[in-house]
Amino acid sequence: PDDPTHQVVCHGDLHPRNVLLGPDGPVVVDWFDASRGSFTAEVARTSLMLELSHGLGGPPVSAGAIDQLRASYLRAATEFQDVDASALAKWRTVHLVARLGEGLGGDVAEVRRLLDLR
(Lines give C-alpha, C1' and ligand atoms only; values in the text may rest on other atoms or scores of the structure.)
Protein backbone atom coordinates (compact mmCIF):
# COMPACT_ATOMS: atom_id res chain seq x y z
CA PRO A 1 0.00 0.00 0.00
CA ASP A 2 0.93 3.67 -0.18
CA ASP A 3 2.48 3.89 3.30
CA PRO A 4 4.39 7.19 3.64
CA THR A 5 6.75 5.57 6.16
CA HIS A 6 7.82 2.92 3.62
CA GLN A 7 10.36 4.58 1.35
CA VAL A 8 12.12 3.03 -1.66
CA VAL A 9 14.70 4.20 -4.19
CA CYS A 10 12.79 5.84 -7.05
CA HIS A 11 14.35 6.39 -10.48
CA GLY A 12 12.00 9.29 -11.24
CA ASP A 13 12.37 9.17 -15.02
CA LEU A 14 12.09 5.52 -16.02
CA HIS A 15 11.03 5.09 -19.63
CA PRO A 16 12.25 2.99 -22.59
CA ARG A 17 15.01 5.43 -23.56
CA ASN A 18 16.56 5.07 -20.06
CA VAL A 19 16.98 1.31 -20.36
CA LEU A 20 19.95 0.03 -22.35
CA LEU A 21 20.37 -3.57 -23.39
CA GLY A 22 23.80 -4.72 -22.21
CA PRO A 23 25.55 -8.09 -22.60
CA ASP A 24 24.16 -9.22 -19.23
CA GLY A 25 20.64 -7.88 -19.81
CA PRO A 26 18.84 -4.55 -19.35
CA VAL A 27 20.64 -1.71 -17.54
CA VAL A 28 18.75 1.30 -16.19
CA VAL A 29 20.63 4.58 -16.80
CA ASP A 30 20.07 8.31 -16.17
CA TRP A 31 19.63 8.36 -12.41
CA PHE A 32 19.71 12.19 -12.29
CA ASP A 33 16.12 12.39 -10.97
CA ALA A 34 16.53 9.55 -8.43
CA SER A 35 15.12 10.06 -4.95
CA ARG A 36 13.67 8.22 -2.00
CA GLY A 37 9.90 8.00 -1.90
CA SER A 38 6.69 6.04 -2.29
CA PHE A 39 6.74 2.83 -4.34
CA THR A 40 3.19 3.61 -5.50
CA ALA A 41 4.24 7.09 -6.64
CA GLU A 42 7.14 5.60 -8.61
CA VAL A 43 4.88 3.00 -10.24
CA ALA A 44 2.38 5.71 -11.20
CA ARG A 45 5.10 7.94 -12.70
CA THR A 46 6.77 5.10 -14.59
CA SER A 47 3.41 3.90 -15.92
CA LEU A 48 2.68 7.44 -17.12
CA MET A 49 6.15 7.79 -18.66
CA LEU A 50 5.53 4.57 -20.58
CA GLU A 51 2.14 5.84 -21.71
CA LEU A 52 3.68 9.10 -22.92
CA SER A 53 6.92 7.57 -24.25
CA HIS A 54 5.87 8.04 -27.88
CA GLY A 55 6.81 11.70 -27.40
CA LEU A 56 10.37 11.04 -26.25
CA GLY A 57 11.92 11.35 -29.67
CA GLY A 58 13.86 8.74 -31.57
CA PRO A 59 12.29 6.01 -33.67
CA PRO A 60 8.52 5.77 -33.27
CA VAL A 61 7.21 2.87 -31.19
CA SER A 62 3.76 1.49 -31.92
CA ALA A 63 1.03 2.28 -29.43
CA GLY A 64 0.30 -1.45 -29.16
CA ALA A 65 3.90 -2.21 -28.16
CA ILE A 66 3.86 0.59 -25.58
CA ASP A 67 0.54 -0.65 -24.17
CA GLN A 68 1.97 -4.18 -23.82
CA LEU A 69 5.12 -2.87 -22.15
CA ARG A 70 3.08 -0.73 -19.75
CA ALA A 71 0.74 -3.62 -18.87
CA SER A 72 3.73 -5.91 -18.30
CA TYR A 73 5.42 -3.29 -16.10
CA LEU A 74 2.27 -2.75 -14.02
CA ARG A 75 1.78 -6.50 -13.61
CA ALA A 76 5.40 -7.00 -12.48
CA ALA A 77 5.32 -4.00 -10.13
CA THR A 78 2.10 -5.08 -8.44
CA GLU A 79 3.39 -8.66 -8.11
CA PHE A 80 6.55 -7.28 -6.46
CA GLN A 81 4.62 -5.18 -3.93
CA ASP A 82 0.95 -4.60 -3.21
CA VAL A 83 -0.20 -1.37 -4.88
CA ASP A 84 -3.54 0.18 -3.96
CA ALA A 85 -5.44 1.07 -7.15
CA SER A 86 -6.99 4.24 -5.67
CA ALA A 87 -3.59 5.50 -4.46
CA LEU A 88 -2.15 4.71 -7.89
CA ALA A 89 -4.89 6.77 -9.55
CA LYS A 90 -4.24 9.71 -7.20
CA TRP A 91 -0.49 9.61 -7.88
CA ARG A 92 -1.21 9.44 -11.62
CA THR A 93 -3.14 12.72 -11.39
CA VAL A 94 -0.29 14.32 -9.41
CA HIS A 95 2.23 13.23 -12.06
CA LEU A 96 0.01 14.38 -14.94
CA VAL A 97 -0.19 17.86 -13.43
CA ALA A 98 3.57 17.85 -12.77
CA ARG A 99 4.22 16.94 -16.43
CA LEU A 100 2.55 20.19 -17.50
CA GLY A 101 5.38 22.14 -15.85
CA GLU A 102 8.25 20.03 -17.20
CA GLY A 103 8.57 21.57 -20.68
CA LEU A 104 7.22 18.59 -22.57
CA GLY A 105 6.93 19.78 -26.10
CA GLY A 106 4.43 17.48 -27.81
CA ASP A 107 3.24 15.84 -24.58
CA VAL A 108 1.34 18.90 -23.37
CA ALA A 109 -1.69 18.22 -25.57
CA GLU A 110 -1.74 14.55 -24.55
CA VAL A 111 -1.44 15.39 -20.83
CA ARG A 112 -4.23 17.97 -21.13
CA ARG A 113 -6.39 15.32 -22.85
CA LEU A 114 -5.66 12.78 -20.10
CA LEU A 115 -6.56 15.37 -17.46
CA ASP A 116 -9.70 16.17 -19.47
CA LEU A 117 -8.67 19.81 -19.84
CA ARG A 118 -9.90 21.63 -22.91
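Values as computed for the structure displayed
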quantity	calculated
Surface accessible to a 1.4 Å probe, residue 38 within the full protein complex, Å²	20 Å²
Computed E for residue 108/residue 63 - FRET, C-beta separation, R0 30 angstrom, nearest 0.05	0.95
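The values are calculated or read from the model by the stated rules, or taken from the named source; none is laboratory data. The structure displayed is predicted, hence computed values, not measured ones. Here the Cβ is made from the backbone with ideal geometry for all residues, glycine too, and neighbour counts use every protein chain on show. Heads up: the accessible areas ignore ligands, DNA and RNA and are worked out on the full protein's heavy atoms, side chains in. Shrake-Rupley method; radii C 1.70, N 1.55, O 1.52, S 1.80 Å.
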